[in-house]
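The values are calculated or read from the model by the stated rules, or taken from the named source; none is laboratory data. Note that the structure is a prediction, hence the values are computed from the model and not measured. Note: ideal-geometry Cβ built from the backbone for every residue, glycine included; neighbour counts use all protein chains shown. For accessibility, only protein heavy atoms count, side chains too; no ligands or nucleic acids. Shrake-Rupley method; radii C 1.70, N 1.55, O 1.52, S 1.80 Å.
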Amino acid sequence: MHLLIAPLLLSLGLLCLMPMAQAACQEPIFTPPDQVRLTSDTVLIVTHATSAHDPRFSTKFGVDTVIDFAKSKNIPVIYLVDEGPLRQYFMGDCEPTYWVKSIDGEVLFNAPVQHIYLAGGHVELCLSRSVHDLIYQAAKRPFRRLELTYVMDAIYSNGKTISESDPFYKDFSWFLGIIAHGRPGGEQWPKLNLLEATGVIKTIENDYRYLSELLPHWERTFGKDHRIELQMNNLATRVLQAGAGFRPPTVKFHFIDSADLLQ
């Protein structure tokens, strides 16, 4: 079977399950950002997991899996919710540690943690805002190590960082064209999750090229004294900036296929 066909069939096969997959959370009690208290060194932040932005539910399985994982490890879970209808939010679990209003993905609560799992969200827009806010917070406090784990089957993208000069542009455009075929025009339709994207891209070097372009502007946030790392699954870590000294403060951006691998 063609390498591009398998993930497409899997993705399309999930469509028949979508009506049953929709969550039906009651109107939650939202916590003001200044009242969020994190006492753990790890947190899961789920940004805008809604069919308003991911109408194929391409991240539904990934979102539910990472939430289950976090709860099994007693990791606090925070849902960031925009102004869209709550009925379109598809998390299967309706009892996070906190529900927090966040129109653009902004993180206005204090998150003094060492490890952040990231799920939901448009990686180029609302999730990018979440990550920028989180690393900006970190840069203002002393730390030895900060790890941000992107759960790829739980995060959606429109491929806006991919250009015609990229070697995988044609395959990516082909796949995106299929999943958007017949859909009304507009930003809300042409989406796929990051795991699907890496399946289309196919080679590890090109995957790293794509993922590095999705990172926040860490060079504007951290000084030259910080070590910056990028890793995909359990592959060798790529050093984007060496940092200064013997043990520089380290920020690691870690992309994993799915939280299913963490169970």
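Taking a ≥ b ≥ c as the square roots of the eigenvalues of the Cα gyration tensor, an a/c ratio of 1.5 or more together with a/b no larger than b/c marks the chain as oblate. Summing Cβ point charges (Lys, Arg +1; Asp, Glu -1) relative to the Cα centre of the chain gives a dipole of roughly 560 debye. In the frame of its principal axes, region 26-102 has Cα extents of 35, 25, 18 Å, reported largest first. Peptides 85-95, 240-250, 125-135 ranked from most to least packed by the mean count of surrounding Cβ atoms within 10 Å: 125-135, 85-95, 240-250. With all protein chains in place and ligands, DNA and RNA left out, the 1.4 Å accessible area ranks 145, 56 as 145, 56, largest first. Taking the accessible area of region 122-263, probe 1.4 Å, and keeping the other protein chains in place, the carbon and sulfur fraction comes to 53%. For the set 115, 48, 217, solvent exposure ranked by accessible area (probe 1.4 Å, protein chains only) runs largest to smallest as 217, 115, 48.
Accessible surface computed residue by residue for region 69-149, with neighbouring protein chains in place and a 1.4 Å probe, gives 41 Å² per residue.
Near residue 145, the amide H atoms lying under 5 Å from its own belong to 250; only residues 5 or more places off or on other chains count, and H is placed 1.01 Å from N. Probing with 1.4 Å while keeping every protein chain in the model, the per residue accessible area of region 175-263 equals 49 Å².
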